[in-house]
1. Picking from Leu81, Leu158, Leu107, whose Cα lies most toward the positive end of the charge dipole for the chain (charges on Cβ: Lys, Arg +1; Asp, Glu -1)?
2. By DSSP, what percent of the beta bridges with both residues in the chain are antiparallel, rounded to the nearest 5?
3. So which of Lys159/Lys253; Lys22/Lys183; Lys18/Lys183; Lys72/Lys127; Lys68/Lys126; Lys68/Lys159 end up more than 30 Å apart, counting from Cα to Cα?
4. Can you work out ³J(HN,Hα) from phi for every residue in the range 233-238, in order, using Karplus 6.51 cos²θ - 1.76 cosθ + 1.60 and θ = phi - 60°, giving whole Hz and x for Gly and Pro?
5. Apply the Karplus parameterisation 6.51 cos²θ - 1.76 cosθ + 1.60, with θ equal to phi minus 60°, to every residue of the range 260-265 and state each ³J(HN,Hα) to the nearest whole Hz, in sequence, with x for glycine and proline.
6. Give me P(r) over the range 60-149, computed from all C-alpha to C-alpha distances, binned every 5 Å, as integer percentages.
7. Modelling each spin label as a point 7 Å along the Cα-to-Cβ direction, I'd like the Thr74/Glu141 distance in nm, to one decimal.
8. Would you kindly enumerate the cysteines in the chain that have no other Cys beta-carbon under 4.7 Å from their beta-carbon?
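Bear in mind that the values in this text are calculations on the coordinates, not laboratory data. The structure presented is a predicted model; accordingly, all values stated were derived computationally and were not measured. Note: ideal-geometry Cβ built from the backbone for every residue, glycine included; neighbour counts use all protein chains shown.
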Amino acid sequence: MTFTSKTFNGKKNINLSKHRNKVWILSSFAIILSLAGFITSWLNPTVRFPLRPGLDFTGGTQIKLERKCLNKCTSLSSLELNEVLNEINFSKKETKQKIYSSRIQFLDGYKSVLIRMPTLSALESKKVVESMIDVAGPFEEGGQSIETIGPTLGVKLLKTTLTSLLVAFSCVAIYISVRFDRKFSLYAILALIHDVLIVCGVFSWLGILLDVEVNSLFAVALLTIAGYSVNDTVVVYDRIREINNQNLKLPYKQKIDSAVTATLTRTLYTSGTTLLPLLALIFFGGTSLYWFSIALAIGVVIGSWSSIALVPSFLSLSTDD
C-alpha cells in the first residue's frame with residue numbers, strides 16, 4: 001500500500017485519510033476470512049464450535065507422557081496407540097465407550113505423547129499409562145502427567161472467559177468516553193472487536209487444519225491483546241488531541257494524518273521490542289507456551305495495525321468536507 005505525503009511543520013505526513021478505503025479493504029478481508037473459519041469450524045462434526053475448545057472448556061482427562069529417547073525418538077502411529085487403548089479391560093462399559101472418542105497427539109518430534117479423552121478415574125488413567133509402556137515406552141522418570149477437569153468446571157471456565165472479555169471491553173469504553181468522547185470510545189471498541197475477531201479467526205483455521213485447541217491461556221492472550229491495542233490507540237488519540245489544540249485552523253483530516261505520522265515510529269519500535277521476547281518463547285519456550293506466544297504475536301501485529309491505521313481512518317469519517 002502506497003501513501004502519498006503532505007508536508008506539515010517541516011515533516012512529511014502519511015496521507016492516511018485519502019487511502020482509508022484500502023485500510024478498510026484489508027481489514028474487511030481479514031474479518032471475512034475469520035468468519036469463514038468460524039462457520040467451517042462450526043460445521044466440522046469433530047468440533048461443532050467456532051474454535052476448537054481445549055480441555056479447560058470441555059472437561060475431560062489429558063495424559064501427557066514424556067518418552068525416554070537417546071537421540072531421536074522413533075515415530076509412532078496414532079492408529080496403533082488407539083488399538084492398544086481399545087484393548088484395555090475396563091470394569092465399566094461406559095468407560096470402554098469413552099475410549100473411542102480419545103484423541104492422540106505427538107509433540108516435539110514424537111518426544112511427547114498427548115492423549116485426550118473424556119473424564120476418567122485415577123485407576124482408569126493409570127491403566128491407560130501402563131498400556132502405553134510397551135508401544136511408546138520407556139518413559140522419563142517423573143515425565144508423566146495426568147490432568148482431569150470435570151465438565152461443570154469446564155463450562156464455568158468458558159463463562160468466566162466470556163465475562164472477562166465483556167468486562168474488559170466495557171471498562172475500555174467507559175475509560176475512553178471519560179478521557180476523550182463517545183465517538184472515540186466507539187471506534188476503540190470497534191478496533192478491539194476487529195483485533196479479537198482476527199486472532200480468533202486465525203486460531204479457528206489452525207483448529208481446522210492442525211487440530212490446535214484454545215484453552216484458558218488463549219483467553220489470557222486475548223485480554224492481553226485488548227490491553228496492548230487500547231494502549232496504542234490511546235497514544236494516537238492523545239496525539240490527535242494535542243495537535244487539535246495547537247493547530248485550530250488546520251483541517252481535521254490533516255491533524256489525524258499528523259498524529260499517525262508522529263506516533264508511527266513509536267508504535268513500530270514498541271511492537272518490535274514486544275515481538276522479540278515472544279519470538280524467543282515461540283522458538284525456545286517449549287510446547288506449553290507455544291500457541292499462547294503465537295496468539296500474542298499475532299495480536300501485537302493486528303493491534304498495531306488497528307491503532308495506527310484502522311482507528312484513525314474511522315475518525316476521518318465524520319470530517320468529510
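1. The residue sitting farthest along the positive end of the dipole is Leu158.
2. Close to 95 percent.
3. Exceeds cut-off: Lys159/Lys253; Lys68/Lys159.
4. Values, residue by residue: 5, 5, 4, 5, 4, 4 Hz.
5. 5, 4, 5, 9, 4, 4
6. Bin by bin from 0 Å, the calculated values are 3, 14, 29, 26, 17, 8, 3, 0, 0.
7. A separation of 2.3 nm, rounded to one decimal place.
8. Cys171, Cys200
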